[in-house]
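Structure record follows, encoded as structure tokens.
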Amino acid sequence: MTQFLQQMINGLSLGSIYALVALGYTMVYGIIKLINFAHGDIYMLGAYIGFIVTTKLGLGFFPALVISMAGCALIGVTIERIAYKPLRNATRITALITAIGVSYFLEAGTQRVMGAGVQTFPNVLANETIMFGDVRISTQQIVIFSVTIVLMVALTFLVNKTKVGRAMRAVSVDPDAARLMGVNVDATISFTFAIGSALAGAAGVLVGLYYNSINPLMGMLPGIKAFIAAVFGGIGIIPGAMLGGFFIGVVETLVAGYWSSLWKDAVVYLILIVILIVKPAGLLGKNVKEKV
Amino acid sequence: MKNWMKKENLLWLGLIVLSYAVLNILISAGIINNVYKTVLMTIGINIILAISLNLIIGITGQFSLGHAGFMIIGAYSCGVMLKSFVSGVPGVFLGIIAGMVISAFVALVVAIPTLRLRGDYLAIATLGFGEIIRIVILNMKITNGAAGLILPKAVSWHMIFWAVVICTIVVVNFGRSAHGRACISVREDEIAAEAMGINTTQYKILAFVLGAMIASVAGALYAGAFYVIKPDMFTYSKSIDILVLVVFGGMGSITGSFISSTLVSLLNTVLQQFSSVRMIVYGLALVVIMVFRPSGLLGRKELTFSGLLKVLKKGKGAAQ
Amino acid sequence: MSVLKVTGLTKNFGGLSAVSNVNMEIEQGELIGLIGPNGAGKTTLFNLLTGVYEPSEGTIELNVDGKMISIEGKKPYVISTLGVSRTFQNIRLFKELTVLDNVRIGMHQSVKTSVIGSILRTPGFYREEKMLEEKAYELLKIVHLDEHAEDLAKNLPYGKQRRLEIARALATNPKILFLDEPAAGMNPQETAELTELIHELKEHFHLTIILIEHDMSLVMSICERIYVLDYGRLIAKGNPQQIKSNKRVIEAYLGEDASC
Amino acid sequence: MKTMKKAFMSALAIMMAASLAACGDSSSDTPSGSDNSGSNTVKIGLHFELTGEVADYGNAELKGAKLAIKQANEAGGNYEEVIYDNKSDTTEAVTLAAQLANDGVAGVVGPATSGSSAATYQIKNDAKVTVISPSATQIGVTLDPSGNVYNYVFRICFEDSYQGAAMAQYAVDTLAKGKVIIYADNSSDYAKGLTEAFTEQFKKLGGTIVATDYYSKGDTDFNSVLTKFKDMDYDVLYIPGYYNEAGLIIKQAREMGIDCEIIGSDGFDSESLIDLAGASNLNKVYYTTAYTTVGASDALQAFIDAYKAEYNEEPSMFSALAYDSTNLLIQAIEKAGSTDSDAVRSAVENIEFDGVTGSFSFDETHTPIKSVLVVTLVDGVQGDAVAVSPDVD
């Protein structure tokens, strides 16, 4: 039992990261139906911005978090304006290929500027272990989990209760109608990219802090996992992405903890496929039948 | 027989023989050296991969991101065959056949549940299946796990050339038949296709299985030509690379796949000298090309001799 | 002899009944009109009859070679092979294909050459392709589109697209043809031509035709019998005269829009 | 108008790329295959993974190799490096192997990983280009598929099997351990070879393998597996793999309270291990290597100083191996007195080399005969190094 609880804590910490990255994926998808393959690389850039801010400027964890989120928001919007905006009306696969191009560019660019190797993220937040019986939780795990929850609550509030959130929802349902109703569609899309990228940036800093190892290709796998998390919960649905992120984190941990890590990815994919077959639009998604 | 001897077909035959002869001459004259010969083989294998995925994505309209999964089946079928059973060219042929049979079977298993999904959901499900195939191979004994297989060279560029020819003929002939039209109708409008009596599920599966089998041929040839196969060479990134070739050339255009496979390989070779910026340039090139030509280099157009003649005539007309 | 018999047909979407308890019996060679205000469930009924939707309740029986067989729950392509074809309200042509190919795809169920045969280009393949092409041209001639055979479907003007949809539907060799608003968006002259065409087709192919139409003059002039749907229920049936004077029909239309 | 805008955006993007290209380190951008500056310039091919997944190791080796060539030139030699980047992609490696065979190099150093290496040996061998591999440790990689040694292929690292067996010997004999858990890298042939050899030898010496589990390259979260291990009955943890993951595993294990001995392989050898794991976590950690700074010889110290002066960082084992490989090749060329491939080849085969990673000659499989050292870490610093030779039949 102790071990199970311990594994759940491990799983939720890992899941927090996936969930944060998945949120950005799902928001961008929700609004312009683009699989933003470069999203994982934004997360990587977030980690590098955090790295530079803490090592070169000597700032602490929270300033690093904020600067990194702001930096990523800016990068996200720039990418959207340069690479995706001209393709608003192109096919989805074309936009996907563009996103892949952006992803290559960011990865190779970072390799070139920052070096291909692993960098050690400084330990900017003292790490202590708290024991609950035999179950141990580190302060870092608590920080990661709480930052994730706070950001998610803030995001939910933003989307559901504010004017800009309403605009985002309007654009995601029907951009043309939204435009007619006086919503500035371009600005709303850019704003969505900014928010999604900022969340990825936060995830990057948290990962840097938690694992203290960052490298230019670190975004590839979490990017895919986060995408899976988003699809799992029903892509375009914000609570779905959170659910998916936590679920995948926990499943990976449990498979590795009770069976073998050789099969953890395979199990995640298999569960995903089963979910999609049973609920083709994801766990929280509504299956919309095409109108004939 | 007579039917077959149409002017268009004869012209194509002529072109195939001519290019084979020219390549042979260039190689024996040393103009195409070993480096370019390797590039040529890469191009050939990429063409086979691209047209096989084009059959699934471009012609049938099913967004698959798991194509590397079938390439790896072909590669390991051939690899294990060469390593443990039959060596040399016969081994390659047996490996190709084994790969096609296995990948057809696996494709069926993958296709039946997943092809009910649409668009991005299908993409992620196929990506998942591709990875599962890879992980299974990674954890098998006979495949030597992560270390992969070191293989003797058993495939020459001649073999690859003819494989490209055969695979292209298969895809083109399939595409230009009633069955191919049925696949296209699925891409264009699934509901209308069903209403016209087309079993859309069956055609989706058919295209998927056929594409998978052809991809496994490419994998088998790769194993025989490039000395080493390892599971981590066939991750979803490989599927994405193939997808890039298809979209870059134009979805649905076989000629486009030829051109894009060739251009990408050549670009890669040219940029070799600037290794540290190569991927940066490649990434940017993708973005720029997609921004300017969102439907790829050729869109859905094909190069045909009749089309060429038409263009020539028009050109003449304009000149006069 | 009835060719189509519908009993107690109901379709619920969530809590809403789009079609409820519809009974119909259609005889061989009839030309039936299906009318009703917007949202009355006409297209849903078509979708049920052609297999796009599965009915929640009720049965649909189709006469196949003299025997009545149930087709509810069967896939659209199966129903198509049993001799039912249709056009769509919001034209669903294969846009990127030529006019000729659109029709040839309609003939798919008659294709005998196997996949292998097609890839190997057997003599049978060429024979069949030639046969399909000739037949397709024939159909195109009937709908006056033979000149456009090589054009892409998406480049045809609207009225011709509607005609192409009819040709494609005919290519499946149907016994029953469902036309979903065939005259929508047509000018009076085109509508007149269409009316004539429908008559011609019915005679030429011995068809039973059921059409949804908002153009009342068209419906009244060509339909032998008319069914009227409102809120998913059948509120009237009969010949044009009876329908014109039916109180409930007038109410249904007036209730929706007084200017009608 | 729209096209104009697109064009402007593209131009902007290209400018960004250009600026990126400009601000990177320009040293690694030497154009390959440039003209001979003099007729007696000797070209040396440096074929590494400089971009892509394992670029980390490739770049470390490139630095070592370039330093060796620079020093040789300063000592009056006339060597020119021709750099090839295979993008960590074996297909690319094959093309490059053909390329460098054409470029007329006197010999080639690299690639770093066994996969890319194995893919190129057949071509290089057929083209009679002498290859010195710094770190292709895979079992049998210097042999062709039918089991004969490649005439022109040599490596200066020891084979995985040897190192794995040595660690098992050390664990049983010196550390007096009998129950091991193996946590291995599942994405490399390297860890696979080590695991097999270790398992075999450990069992032979009477030990028990309590559990074996795997991680993948690039993983960062090992908590779940370590939590599982924690409740098992064992006395030593073996981590065959590279420092990128090993560093994190050690950190997470120690933080979780796993305080048993941790043993590993030469993949541990990097400053990064200390950065990643934290110096205080690196106690009771032992690993096998051929390269140690403990009691460094003058030659080794000179190398370390030169490396630091050149690149402003500590050399890793990979840099040292590449440095040795390049020096070995240069020595052989000088001894042969020509760049004739057979002369160079036989000079290499018969060499008695004295390098920073030890002194050795080649055995019949062109693998060095050198002793394995087991290094002990005390607060992340190499405290002690002892030579071990496994009792293998």
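A compact table of results
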read-out	value
Shielding of A:82-91 by partner chains, average beta-carbon count, 10 Å	5
Residue mean of other protein chain beta carbons inside 10 Å, D:83-90	4
Computed P(r) (all Cα pairs; the range A:12-219; 5 Å bins; percent)	1, 8, 15, 19, 18, 15, 11, 7, 4, 2, 1, 0
Protein-protein interface of the range B:140-173, residues with accessible area decrease of at least 50 Å², isolated chain reference, 1.4 Å probe	B:A146, B:A147, B:I150, B:N173
Ranked by how many other beta carbons lie within 10 Å on average, peptides C:174-182, A:253-261, A:144-152 from highest	C:174-182, A:253-261, A:144-152
Leading residue at positive end of dipole, the protein assembly as shown (Cβ point charges), from C:I69, A:G15, D:I69	C:I69
At least 24 Å along the helix axis (C-alpha) and Kyte average at least 0.0, DSSP helices within chain A	A:2-32, A:39-56, A:61-79, A:92-114, A:139-161, A:185-211, A:238-258
More than 19 angstrom apart: percent of Cα pairs within the range D:300-393	54 percent
Long-range Cα-Cα pairs in the range A:39-100 (distance over 15 Å), rounded percent	56 percent
Shape category assigned to the range A:166-292 from the gyration tensor of Cα positions, a/c cut at 1.5	oblate
Violating pairs (Cα-Cα greater than 28 angstrom) within the set C:K42/C:K247; B:K37/D:K70; C:K5/C:K154; B:K153/D:K66; A:K56/A:K163; A:K279/C:K75	B:K37/D:K70; C:K5/C:K154; B:K153/D:K66; A:K56/A:K163
Reduction of at least 50 Å² in accessible surface, 1.4 Å probe, comparing all protein chains with the chain by itself, residues of the range B:240-281	B:I240, B:Q272, B:Q273, B:S275, B:S276, B:R278, B:M279, B:I280
Sites B:L312 and C:Y158, calculated FRET efficiency, Cβ-Cβ separation with R0 25 Å, nearest 0.05	0.10
Where Rh is the Kirkwood radius over Cα pairs, Rg/Rh for chain C	0.99
Cβ charges +1 (Lys, Arg) and -1 (Asp, Glu), total dipole of the protein assembly as shown, debye	4720 debye
The protein assembly as shown: antiparallel DSSP beta bridges as a percent of all, rounded to 5	50 percent
GNM top mover of B:L23, B:L11, B:L82 - chain B, alpha-carbon springs below 10 Å	B:L11
Size descriptor, Kirkwood hydrodynamic radius, that averages inverse alpha-carbon separations across the protein assembly as shown, Å	33.5 Å
Equivalent ellipsoid, the range C:96-171 (semi-axes from 5 times Cα gyration tensor eigenvalues, Å)	25, 11, 10
Order by protection proxy (mean Cβ within 10 Å, highest first), peptides A:153-162, A:16-25	A:16-25, A:153-162
Modelled FRET efficiency - R0 51 Å, B:V101 with C:K95, Cβ distances, 0.05 increments	0.85
Tensor-based shape of chain D (alpha-carbon gyration tensor, a/c under 1.5 rounded, otherwise prolate or oblate)	oblate
Using a Förster distance of 45 Å, the FRET efficiency for C:S110-B:V270 (Cβ separation, nearest 0.05)	0.30
Simple label model, 7 Å out from Cα along Cβ direction - A:T2 to C:K5, nm	7.5 nm
Peptide C:117-124 - average C-beta neighbours from other chains (10 Å radius)	5
Shape category assigned to the range D:157-237 from the gyration tensor of Cα positions, a/c cut at 1.5	oblate
Accessible surface buried once A binds B (1.4 Å probe; total of both sides; Å²)	3700 Å²
The protein assembly as shown - mean residue ellipticity at 222 nm from DSSP helices (-39,500 (n - 2.57) per run, n ≥ 4, rounded to 500)	-18500 deg cm²/dmol
B:S19-C:M216 pseudo-label distance in nm [points 7 Å out on the Cα-to-Cβ vector]	6.5 nm
Pairwise burial D:B, computed as accessible area of each alone minus the pair, summed, 1.4 Å, Å²	3200 Å²
Chain A - percent of accessible surface contributed by carbon and sulfur, probe 1.4 Å	69 percent
Trypsin sites (Lys or Arg not before Pro) restricted to DSSP loop in the range A:53-118 with at most 13 other C-beta within 10 Å	A:R88
Normalised contact order of chain C, rounded percent, pairs of Cα under 8 Å and 6 or more residues apart	26 percent
Mean Cα-pair separation over length for chain D, i.e. relative contact order, pairs under 8 Å, 6 or more apart, %	16 percent
Orientation-averaged projected area, Cα convex hull of the range A:219-261 (nm²)	3.0 nm²
Net charge of Cβ neighbours under 12 Å - reference D:S361; Lys, Arg +1; Asp, Glu -1	-4
Protein accessible area in chain B, 1.4 Å probe - carbon and sulfur %	72 percent
Nitroxide proxy distance, nm - points 7 Å out along Cα→Cβ at C:E193 and A:F62	7.6 nm
In degrees, nearest ten, helix D:189-204 long axis to first principal axis of chain D (Cα)	30 degrees
Rg over Rh, two decimals, chain B (C-alpha only, Kirkwood Rh)	0.97
Protection proxy ranking of B:47-60, C:43-56, A:115-128 - average other beta-carbon atoms within 10 Å, highest first	B:47-60, C:43-56, A:115-128
Additional length obtainable on full extension of the chain from C:A184 to C:E251, 0.36 nm per residue less Cα span	21.8 nm
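The values are calculated or read from the model by the stated rules, or taken from the named source; none is laboratory data. No experiment lies behind these values; they were computed from the predicted model shown. Reconstructed Cβ throughout: ideal geometry from the backbone, glycine too, with neighbour counts over all protein chains shown. The area values use the complete protein model at the heavy-atom level, side chains included, leaving out ligands, DNA and RNA. Shrake-Rupley method; radii C 1.70, N 1.55, O 1.52, S 1.80 Å.
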